[in-house]
1. Taking into account only those residues within the range 261-278 that are among the β-branched types (V, I, T) and within 20 Å of D320 (Cβ to Cβ), which is surrounded by the fewest Cβ atoms within 10 Å (Cβ to Cβ)?
2. Tell me which residues, restricted to the range 240-254, are part of a helix (DSSP H, G or I) and away from the ligand (no atom under 15 Å from the Cβ).
3. Hey, among L300, L291, which residue is in a loop (DSSP other than H, G, I, E, B), at pLDDT 95 or above and more than 25 Å from the chain's Cα centre (by Cα)?
4. Any idea how many residues of the range 87-118 are on the phi > 0 side of the Ramachandran plot and surrounded by 13 or more Cβ atoms within 10 Å (Cβ to Cβ)?
5. Please tell me if E99 is within 16 Å of the ligand (Cβ to nearest atom) and among the acidic types (D, E).
6. Go through the range 229-239 and report how many residues are within 16 Å of the ligand (Cβ to nearest atom), over 12 Å from G210 (Cα atoms) and touching a residue at least 40 places away in the same chain (Cβ under 8 Å).
7. Give just the number: which of (1) within 24 Å of the chain's Cα centre (by Cα); (2) part of a helix (DSSP H, G or I); (3) touching a residue at least 24 places away in the same chain (Cβ under 8 Å) does S6 not satisfy?
8. Out of the range 192-206, which residues are within 19 Å of I153 (Cα to Cα) and either within 14 Å of the ligand (Cβ to nearest atom) or without any contact (Cβ under 8 Å) to a residue 60 or more places away in the chain (or both)?
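The values are calculated or read from the model by the stated rules, or taken from the named source; none is laboratory data. Worth saying up front: this structure is predicted, and the values here are computed from it rather than measured. Positions of Cβ are generated from backbone atoms using ideal geometry, with glycine treated the same way; all protein chains shown enter the neighbour counts.
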Amino acid sequence: MLYQRSSALFNEAKKVIPGGVNSPVRAFKAVGGDPIFVKKAKGAYLYDEDGNRLIDYINSWGPMILGHAHPPVVDAVVTKAKLGTSFGMPTEIETKIAELAVSMVPNVDKIRFVNSGTEACMSAVRLARGFTGKDKIIKFAGCYHGHSDSFLIQAGSGAVTFGSPNSPGVTAGTAKDTLLAEYNNLANVETLINANKNEIACIIIEPVAGNMGCIPPAEGFLEGLRSLCDKHNILLIFDEVMTGFRLAAGGVQELFTINADIVTFGKVIGGGLPVGAFAARNEIMNHLAPLGPVYQAGTLSGNPLAMAAGYAMLTELNEDKEVFNRLAEKTVYLHKGIAQALNKHKVTHTINRLGSMISVHFDAQPVIDFTSAAKGNNETFKKFFHGMLENGIYIAPSAFETWFITDALTYKDLDETIAVVEKIAPTL
Ligand SMILES: *Cc1c(COP(=O)(O)O)cnc(C)c1O
């Protein structure tokens, strides 16, 4: 396949946009080569600026769970746009999507809409601190909660009592309030809590991790966090920006029947427009301004186009809950097909999967946390990525990403994908 025009556009973009992209992972730095510039997309397919058709397994990093340009979502946006695109005043559609979201998600009474997953997680942490009157937070290595300062943290030299910045620009003062734990390691969390008695406001976690490949929680891990939080008066924040309205209508809380104290959303909830949200019980949400003292705001929050897209998307998911089973079945099919193709050519690998999230790791060991995810052979991944791309299959340009299965993918598309894996496997 030719990607000449994409490369030319990338060269132009680099002159006026840092690295040519508005979000780093788009730049193919982890795999080499130039990113593909997309012209349009429909259903399961991307059409790029060179006229290539690609089967899409990124789907805007999750939002397009029903496929690209899904007609009810597009119609809702077009209709709304004609009535004005932003007012900075309350609109009825905000209440409608809030009612629907609260009815779909267990254990929450109120929801506040923001513009991104980053904002949702940042605000959820502030709310947890305001509610508990404590400063420190625990996050897990390899979990991503957006690019706000408190989350860009690595383990510090005194790792049990403070973290250190992992991006220039994050101050040591901010970093010292974030503690880093290992995913799926309850004893590690307990150690951190005991070393910071009465100082921890919240534990924030991707309840099914999706930013180091797909890593499901080990049996009892989330339950263990729940009871540690109850015992030590710590709020449990489920970052469901990726998993919310994807793994089940009510997200991971519903899937594993376990309650979080605050839940954050993004991606699917906006139907492909810039939306994030956070939700909790009244007792917690009533601490937010203007009702309570914890400040949080946004000029474009609850934007009518974004709310219309999100409302159309959630309505579709709410009315056809079978979609989650269909997605899971397609993912199982893909898993089996890819595993068979790789095994046939003796390519060492591990595949992780839950619901419509799946990741292929080029290492024989189980991938259960950031350390094991990092052991994957990146040279093999690069060959795999470019082999797929050359044959019309678009997967994330990084070994640490989940693939997102959409309802628009047909079994024919899956077979085509598996055939490509089989074709390129001997070169890996
Ligand atoms: C994508 C993501 C975020 C950040 O959302 P943005 O909209 O990119 O700011 C936060 N948490 C998780 C789990 C995510 O997958």
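1. Filtering the range 261-278 down to residues among the β-branched types (V, I, T) leaves 262-264, 268-269, 275.
After this cut, where a residue has to be within 20 Å of D320 (Cβ to Cβ) as well, the list is 268-269.
Values: V268: 28, I269: 32.
Only one residue tops the list, namely V268.
2. Passing the criteria: only E254.
3. Going through L300, L291 in turn, just one is in a loop (DSSP other than H, G, I, E, B), at pLDDT 95 or above and more than 25 Å from the chain's Cα centre (by Cα): L291.
4. Here is the first cut: in the range 87-118, the residues on the phi > 0 side of the Ramachandran plot are 88, 107.
This time we only want the ones that are surrounded by 13 or more Cβ atoms within 10 Å (Cβ to Cβ), so: 107.
Counting residues in the range 87-118 that are on the phi > 0 side of the Ramachandran plot and surrounded by 13 or more Cβ atoms within 10 Å (Cβ to Cβ) gives 1.
5. no
6. 1
7. Only one criterion is unmet by S6, namely (1).
8. L192, I193, A195, I204, I205, E206, listed by residue number.
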